[in-house]
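The structure appears right after this line, and notes come after that.
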Amino acid sequence: MCGIVGYLGKRKAAEILVDGLRRLEYRGYDSAGIACLYDQKIDVIKNPGKVRTLRERVESSALESIKKANVGIGHTRWATHGPPNEVNAHPHQDASGHFVMVHNGIIENYKSIRSGLAQHGIECISDTDSEVLIQLIAFCYEGNLEEAIAESLKKVKGTYGIVVMTDHEPGKLVAARCGSPIVLGLGKNETLVASDASAIIPHTRDAVYLEDFDMAVITETGVQMFDLQRSPVDREVMEMDWDACAAEKGEHAHYMLKEMFEQPDSIRNAIRGRLDFEMGTAILSGLDFSPRDAAMINRVLVVGCGTSMHAGMVGEYAIEEMASILAEVEQAAEFRYRNPIITPSDLVLAISQSGETADTLAAVREAKHKGAVVAGICNVVGSTIARETGRGVYLHAGPEIGVASTKAFTCQVSVMLMMALKLARTRRMPLNEGEELCRWIERLPELVEQVLAQSDAIKAVAQKYADCENAFFIGRGYLYPAALEGALKLKEISYIHAEGYHAAELKHGPIALLEEKTPVVALLNNVPGKDKTLGNAEECRARKAPVIAIVSEGDEEAGEGFNDVIVLPDCPPCIAPIPTVVALQLLSYHIAVARGCEIDQPRNLAKSVTVE
Ligand code: F6R
C-alpha cells in the first residue's frame, strides 16, 4: 500500500527520496510526491501516476529547494479516501504552507476533526483523511514540532505512520507510528526514515523499528525517541540482512520472474541449519519450545491471508497428519471478529511474508489477549508481527518485490513442513520417518530446479490459453491448497477469472460453468485420492473443457488423453505442493506476459495490506 520515505543528512534529498519511492513502487500506489525544505522554504512536487513522472518533474525542476535541500519527505499513495489526483496525493501541507506531512494508515475520525478545524476557519482542500492531521498539527503548534504532533495524535483514532517537517524548525524531521510501520535507517551523518526497509537498504543496514505510539525526532545530531507523553524510549538497533542488489531485478524481465527463479536458493536459505538428521527433526530455535512445551500443545491454529493462508493450509494438513495434533487454518480477518474459542494449550501461528498485514496482526493481538501461545512465520525481520509475537521462524527468503507472492510461499511451506516435523517428533513420529522427511525437505531446492527447467515448455502451454476468460484449478489433499494458490496467482497477474476448488466440489455447482473455452488445471500428481481427481478431470473433459493435467514422473499415463500435460518430479504428498505451485506460478506468469499484463504491479493490488 502507501509508501513513505524521508531523508535528513548531507546529500541531495530529492534524489534519495525519488530513488526510495522507486524502491517502494512494488507496494502498489497510484500517485507520488516529495517535499523538500531549503533556506526556510518548503516546496512540494506531486502527481497522480508513476514515480517516473515524478522523477522527470523533479529532474527538470528549477526550484531551489528541490535542487539543493538536504532534508525532505516523499510518498507513494494507494487511494483510499478520494481518487488519485494531485490534490489528494501526499505530501499534504497545512493552509499556511509551513507544515508538510506524509501519512500511511487511516484517520478514522477525520470527519469530526475536519469539522472542528472548520469552526476555527481552517478548511481542508483534499478528500483525504490525511490532510486533517497536518492541519491539526499546524493548529496545535506553539514553537515545538514534536509537542504539536504528540498533542494532535492524542486526538486521533485510527492508524498512522507519519513523517512531518516544518520550515519553522528546518533541521528536523519527526516520525510517529501507530499500526503502520516506520523504520529508521541510521547512516553515517544521515538518517533515513521509511515505511519499509527496502527504501533504506542501499544506504545503511542499521535499522530501528518504531513501536506503536513512538515518536522519533531526527536532527543532524542523531535520533531521539519518545512516547506520546514525551518520556524517552529506547529501541534496539537491528542489522538488516538483505543486500541492496537482492531488491533489484537485474537481467530478469520482471521481479516475479527473478523471484520464481530464486526459489531453489531461497528455500536453501529457509532450511539451512534447521534439519537435524541425527534426531530426524527440525531445529527452529526462534520457536523457543522444549520438547515438553511442544508436547503440551493441543491444537494449532494458523492465521494468515491470501497466499500466506494457502501455505498455512499445507501446514494444517501436515501438522494433523504427522503430529496428530488438531490443526485449523483460518482467514485472519475472520478470526478476530468471530470471537474464537482459545485455550492456553493452543498454539496460534501467524503466517505473513511482510509481517505487516493488518488482519493478521489483529488476529495475533486477539490470540495473545485470549492467552494462546503465539508464534510468527515472517519474512521481514523486525516487522510488526515478528516483534509482537516475540517468537517464531523467519523465512530468510530475501526481499520479495513482485506483488504476486512466489518465493515467500515456497519458503512458508518449507517452514511449515519443518514445524510439522518438529511437532511430530515430540509425538508419535518414529526416527526413521523423521530422517526420511528431512531428506525430502533437503531435496526441495533440487525439485524446484527441475520444475523451473521446464519454463519454456510451460510457456508453450500458457500461450494456448492466454485468451481464456475463466479457468479452474482442481486438486485434493495437499494439492487442494495448491489449486487455490494456482488460481490466486492467475487472477492476480492475468486478470483471468480463476477459481480453485477441491476436485470433489466441482460437481456441487461450479461444473455448470464449464465449456470449451474454460480450461481446467487438474492436479493429478501422486497424492492419495489422485484417481478420484482423475475421474473429476474426465468429467470436465466430457463437458468439452480443455484439461491441463499436472502429473508425476513415472505416472505419465495419468495425463493420457488430456489436452496438455506437465510432468513434475515424483515426491511424497506433503512435498508435492511446492513443485506443483512453482509450475502454476510459471503458467500464470507466461499467460500474463502473453496477455501483455503489468506483472510486478498488478492493478488495484498492494504488496502489503496494512488496513483492515
Ligand atoms: C498474493 C499475495 C497476497 C498476500 C496477502 C498476505 O500473491 O501476495 O495474497 O499473501 O496479502 O500478505 P502477507 O503474507 O504479507 O501477510
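The table that follows gives values for the structure above.
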| read-out | value |
| --- | --- |
| Debye intensity ratio I(q)/I(0), log10, the stretch 56-158, q values 0.09, 0.11, 0.19, 0.25 Å⁻¹ (C-alpha model) | -0.24, -0.36, -1.00, -1.46 |
| Taking the chain and dividing mean pair separation by its residue count, relative contact order in percent (alpha carbons under 8 Å, at least six apart) | 12 |
| Global geometry of the stretch 2-246, whether rounded, prolate or oblate, following the gyration tensor of its Cα atoms and the 1.5 cut on a/c | rounded |
| Relative contact order (%) - the stretch 247-369, alpha-carbon pairs under 8 angstrom, separation at least six | 23 |
| Shape box of the stretch 179-321 [Cα atoms, principal axes, largest first, Å] | 56, 45, 32 |
| Pairs from 68/172; 422/530; 517/607 whose Cα-Cα separation, in the structure shown, is over 24 Å | 422/530; 517/607 |
| Size of the stretch 519-597 as Cα extents on the principal axes (Å, biggest first) | 37, 31, 16 |
| Gyration tensor verdict on the stretch 249-452 (Cα atoms; rounded if a/c is under 1.5, prolate if a/b is larger than b/c, oblate otherwise) | oblate |
| Under 11 Å from the residue 365 label point (7 Å along Cα→beta-carbon), backbone N, the stretch 375-413 | none |
| Projected label distance in nm at residue 321 and residue 598, using a 7 Å step from Cα toward the beta-carbon | 3.9 |
| Computed label-point distance, nm, for sites residue 512 and residue 553 using a 7 Å Cα→Cβ extension | 4.3 |
| Percent antiparallel among DSSP beta bridges (both partners in the chain, rounded to 5) | 60 |
| Dipole moment magnitude, nearest 20 debye, the chain about Cα centre, only Lys, Arg, Asp, Glu C-beta charged | 540 |
| Relative contact order of the stretch 249-452, pairs being alpha-carbon contacts under 8 Å that are 6 or more residues apart, as % | 32 |
| Gyration tensor (alpha-carbon) shape descriptor, the stretch 97-207, a/c threshold 1.5 | prolate |
| Rg to Rh, two decimals, where the chain supplies the alpha carbon set and Rh follows Kirkwood | 1.00 |
| Listed residues 546, 474, 509: farthest to the positive end of the dipole of the stretch 454-596 (Cβ charges) | 509 |
| The stretch 454-596, dipole about Cα centre (Lys/Arg Cβ +1, Asp/Glu Cβ -1), debye to the nearest 20 | 360 |
| FRET efficiency, 1/(1 + (r/R0)^6) with R0 45 Å, evaluated for residue 233 and residue 446 via beta carbons | 0.40 |
| Ratio of Rg to Rh over the stretch 454-596 (Cα coordinates, Kirkwood Rh, two decimals) | 0.92 |
| Selection from 565, 413, 302 lying farthest towards where the dipole of the chain points positive, charges on Cβ | 302 |
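No lab work stands behind these numbers, since they all come straight from the coordinates. Just so it is clear, the structure is predicted and the values come from calculations on it, not from any experiment. All Cβ positions, glycine included, derive from the backbone under ideal geometry; neighbour counts span all protein chains shown.
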